[in-house]
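Here's the structure we're looking at; comments come further down.
What follows is calculated from the coordinates using simple rules that are stated; it is not laboratory data. Since we're looking at a predicted model, the values are computed, not measured. Glycine also receives a Cβ, built like all others from the backbone with ideal geometry; neighbour counts cover every protein chain displayed.
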Amino acid sequence: MRVPFVDLKAQYSTHKSELDAAILKVVSETAFVSGKYAAEFELEFAKYIGAENCIACANGTDALEIALKAIGIGPGDEVIVPANTFFATSEAVDNVGATPVFVDCEPNFYNIDTEKIEEKITARTKALVPVHLYGLPADMDAVMSIANKHGLKVIEDCAQSHGADYKGKRTGTFGDIATFSFYPGKNLGAYGDAGAIVTKDAELAQRCRLIANHGQPAKYKHTIVGRNSRMDGIQAAVLSVKLKYLDEWLEARRGHAARYDSNLQSLGIALPRAPEYSRHTYHLYVVRVKDRDAVAAKLNEAGIDTGLHYPVALPYLDVYSGRGFHPSDFPVAHSQMNELLSLPMYAELTDEMVDYVCENLKKAVSQVASA
Ligand SMILES: *Cc1c(COP(=O)(O)O)cnc(C)c1O
């Protein structure tokens, strides 16, 4: 059996006629950039998240950069980010001229360790960027109370958490502003790059909109130096179709996660966990195994693709080598980066596929242990 890590074709096949029609409509109306389809999607997505304002943009990395800029983060400022996340989170901070300050992750849930945030706050700290990693909300009560105590802004990086709930509320509604990615492989994915920003603050929303569209409140009237980061009409139309199915897909992911959980319980490896007040959306189903690379190679031989999220924690990337971080600076992120293994996860997985992965993972773990 072949089990790919993700299978975007399976989802397309299921909804082909609706998606094809939506794309053709945009082309026939030549509504290519921004415009009516992006505006429609903004309203639908804001409603889905429970946010007052949504600004569609070109991708999730731009969304972070635009949000940071709109908040006024720039040179000389420090922004706290988790040590384990995709590079875009800290890259956006660097790109606005500020310095990312890393905080280790919590060992059980993999999100930023809120107990270790305050020791990193200095007079230059301006904002916190919690990431709802793998689709599990960060501990937002703790994040918000630290932010309020120290007068810091909060930008939620929701690139992996579309539809995830924390204490009954959607991620993206806790901080000052939140950013989403619709990269094709995300839980809600476009057919190319796309992103969005949501916020309850109308003024902040207006600033984001201005930055994302050349600083022009009206055609050829430029009031600030902005940039070009708009959503394509085709992406917006695809996203409007797919948004209708998002909850169904998240339920399917939760079903597969539950099947992985019960199948793998006896194996004695660390499985994904969620606090009882959170609803995980399993953008990724990440386990921890010893001799991870050998286990992944065995799975690969059996036709099963896996992923690494992430093979190198941010402080240890080449780009930050000049900052001289040591393994003991982020002990949890450093020790876990060699053990994290992401198993295939997407709505269209079948029970047979999940069982096949589990069976082969058990085999691989025992073979590698006795080698
Ligand atoms: C995917 C991702 C991004 C970047 O999104 P793009 O749309 O690919 O630019 C940012 N942060 C996290 C945590 C991500 O997973």
Each residue of region 262-269 in order: what ³J(HN,Hα) in whole Hz does its phi give by Karplus 6.51 cos²θ - 1.76 cosθ + 1.60, θ = phi - 60°, with x for Gly and Pro? 6, 5, 9, 3, 6, 6, x, 10
Would you list, by chain and number, the aspartates and glutamates whose Cα falls below 16 Å from the Cα of K47, excluding same-chain residues fewer than 8 positions away? D165, D201, D247
Long-range share for region 246-370, i.e. C-alpha pairs more than 24 Å apart as a percent of all pairs, stands at 34
Give the shape of the chain as rounded, prolate or oblate, defined through the alpha-carbon gyration tensor: a ≥ b ≥ c are the square roots of its eigenvalues, a/c under 1.5 means rounded, and otherwise the shape is prolate if a/b is larger than b/c and oblate if not. oblate
Near the amide H of C105, under 5 Å away, which other amide H atoms are found, from residues 5 or more places off or on another chain, if H is placed in the peptide plane? A83, N84, D113, V332, A333
Put a dot 7 Å past each Cα toward the Cβ at E119 and E301; how far apart are the dots in nm? 4.3
If every Lys and Arg gets +1 and every Asp and Glu gets -1 at its Cβ, then about the Cα centre the chain yields a dipole, in debye to the nearest 20, of 600
So for the pair E352, K221, with labels modelled 7 Å out along Cα→Cβ, what separation do we get in nm? 6.2
For a Förster distance of 30 Å, can you work out the FRET efficiency between the beta-carbons of V33 and H150, rounded to the nearest 0.05? 0.15
Please report, in debye to the nearest 20, how large the charge dipole of region 1-95 is about its Cα centre when each Lys and Arg carries +1 at its beta carbon and each Asp and Glu carries -1 there. 440
Listed with the fewest Cβ neighbours within 10 Å leading, I146, I224 appear as I224, I146
Using modelled amide H (1.01 Å from N, peptide plane; none on Pro or chain starts), what sits under 5 Å from the amide H of I304, excluding residues fewer than 5 places away? V3
Taking the dipole of the chain about the Cα centre (Lys, Arg +1; Asp, Glu -1; charges at Cβ), the one of G192, N213, L64 that reaches farthest to the positive side is N213
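Estimate the FRET efficiency between K169 and Y12 by the formula 1/(1 + (r/R0)^6), using the beta-carbon distance for r and 22 Å for R0, to the nearest 0.05.
On the way: r = 32 Å, r/R0 = 1.44.
Working from the Cβ atoms, E equals 0.10.
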Among the trypsin sites (Lys or Arg not before Pro) in region 77-124, which ones are in a DSSP loop with at most 15 other Cβ atoms within 10 Å of the Cβ? Mind listing them? R124
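Give, rounded to the nearest 20 debye, the magnitude of the charge dipole that region 242-371 has about its Cα centre when Lys and Arg contribute +1 at Cβ and Asp and Glu contribute -1 at Cβ. If you can, show how the numbers build up before the last one.
Numbers: 14 positive and 17 negative charges, 53 e Å.
Computed charge dipole of region 242-371: roughly 260 debye.
Calculate for the chain the 222 nm mean residue ellipticity that helices alone would give, adding -39,500 (n - 2.57) per DSSP H run of length 4 or more and normalising by residue count, nearest 500 deg cm²/dmol.
-12000 deg cm²/dmol
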Relative contact order for the chain: what is it in percent, counting Cα pairs under 8 Å that are at least 6 residues apart? 22
